[in-house]
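J.: Right, I'll just put the structure down here and ask away after.
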Amino acid sequence: MPDRIATCSCGRLSARVRGEPVRNSICHCLACQQRTGSVFAAQVRFPAEAVTIHGQSKEHVRTGDSGSTARFHFCPECGSTVFYQLDAAPGFIVVPIGAFADPGFPAPHVSVYEERKHSWLLLSDDIEHID
């Protein structure tokens, strides 16, 4: 079981995760597009007991396209989101894949809100596609 560390841009906020994620996904919802400034968000979910947070964070609460609430924790210095918690999935912590800065990170297994996916974005046939 590998240990991985996700950090903000300036390194003041980090999340150390132990083991493999229980979910590795891409989300195309409009809320994720706005939050990331990209055409989708890529994230991994871990049991809360497998995550150790170091540093200070500020919290931003947002309601997504599904109507559920997420609590995003970002570095107060550089603004990078390092982890978040979904009210609909208590007991888990979600970490944006990019915060690991690891091009070898395992590929997502599921892609959600594909009805909002940009038409030019091509994804592997191996991934589960959910509208």
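J.: Which one is surrounded by the most Cβ atoms within 10 Å (Cβ to Cβ) among residues in the stretch 61-75 that are without any contact (Cβ under 8 Å) to a residue 60 or more places away in the chain, at negative phi and not β-branched (Val, Ile, Thr)?
T.: 70
J.: Hey, another quick one. So residue 14 passes all but one of these: (1) loosely packed, with under 13 Cβ neighbours inside 10 Å; (2) closer than 20 Å to residue 104 by Cβ. Which condition number does it fail?
T.: (1)
Yes/no matrix, rows are residues, columns are (1) at positive phi; (2) among the aliphatic types (A, V, I, L, M):
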{"residue": "4", "(1), (2)": "no, no"}
{"residue": "11", "(1), (2)": "yes, no"}
{"residue": "18", "(1), (2)": "no, no"}
{"residue": "23", "(1), (2)": "no, no"}
{"residue": "31", "(1), (2)": "no, yes"}
{"residue": "37", "(1), (2)": "yes, no"}
{"residue": "41", "(1), (2)": "no, yes"}
{"residue": "53", "(1), (2)": "no, yes"}
{"residue": "59", "(1), (2)": "no, no"}
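J.: Being in contact with a helix residue (DSSP H, G or I) (Cβ under 9 Å, 6 or more places away or on another chain), on the phi > 0 side of the Ramachandran plot and surrounded by fewer than 19 Cβ atoms within 10 Å (Cβ to Cβ): is that true of residue 91 here?
T.: For residue 91, the condition - in contact with a helix residue (DSSP H, G or I) (Cβ under 9 Å, 6 or more places away or on another chain), on the phi > 0 side of the Ramachandran plot and surrounded by fewer than 19 Cβ atoms within 10 Å (Cβ to Cβ) - is met.
J.: Sticking with this one: Output yes when any residue across the stretch 99-122 is surrounded by 11 or more Cβ atoms within 10 Å (Cβ to Cβ), free of Cβ contacts under 8 Å to residues at least 60 places away in the same chain and among the small types (Gly, Ala, Ser), and no when none is.
T.: no
J.: Give me the strands (runs of 3 or more DSSP E) completely within the stretch 26-74, filtered to those with at least 3 residues that are modelled with pLDDT of 95 or more and basic (Lys, Arg), ordered by residue number. It would help to see each step written out before you state the result.
T.: Working: elements: 41-47, 51-54, 58-63, 69-74.
Counting at least 3 such residues, we get no strands (runs of 3 or more DSSP E) at all.
J.: Which residue pairs have Cβ atoms under 7 Å apart, sit 6 or more places apart or on different chains, and have a first residue in the stretch 1-19 that is closer than 10 Å to residue 50 by Cβ and a second that is in a loop (DSSP other than H, G, I, E, B) and not aliphatic (A, V, I, L, M)?
T.: Sorted first by the residue in the stretch 1-19, then by its partner, the pairs are 1/19; 1/20.
J.: Now a separate question. What number of residues within the stretch 22-53 satisfy the criterion of being buried (at least 21 other Cβ atoms within 10 Å of the Cβ) and over 12 Å from residue 96 (Cβ atoms)?
T.: Result for the stretch 22-53: 2.
J.: Where residues in the stretch 98-129 are polar (S, T, N, Q) and within 13 Å of residue 24 (Cβ to Cβ), which of them is modelled with the highest pLDDT?
T.: Top of the filtered list is 111.
The values are calculated or read from the model by the stated rules, or taken from the named source; none is laboratory data. Everything numeric here is computed off the predicted structure, so don't read it as measured data. All Cβ positions, glycine included, derive from the backbone under ideal geometry; neighbour counts span all protein chains shown.
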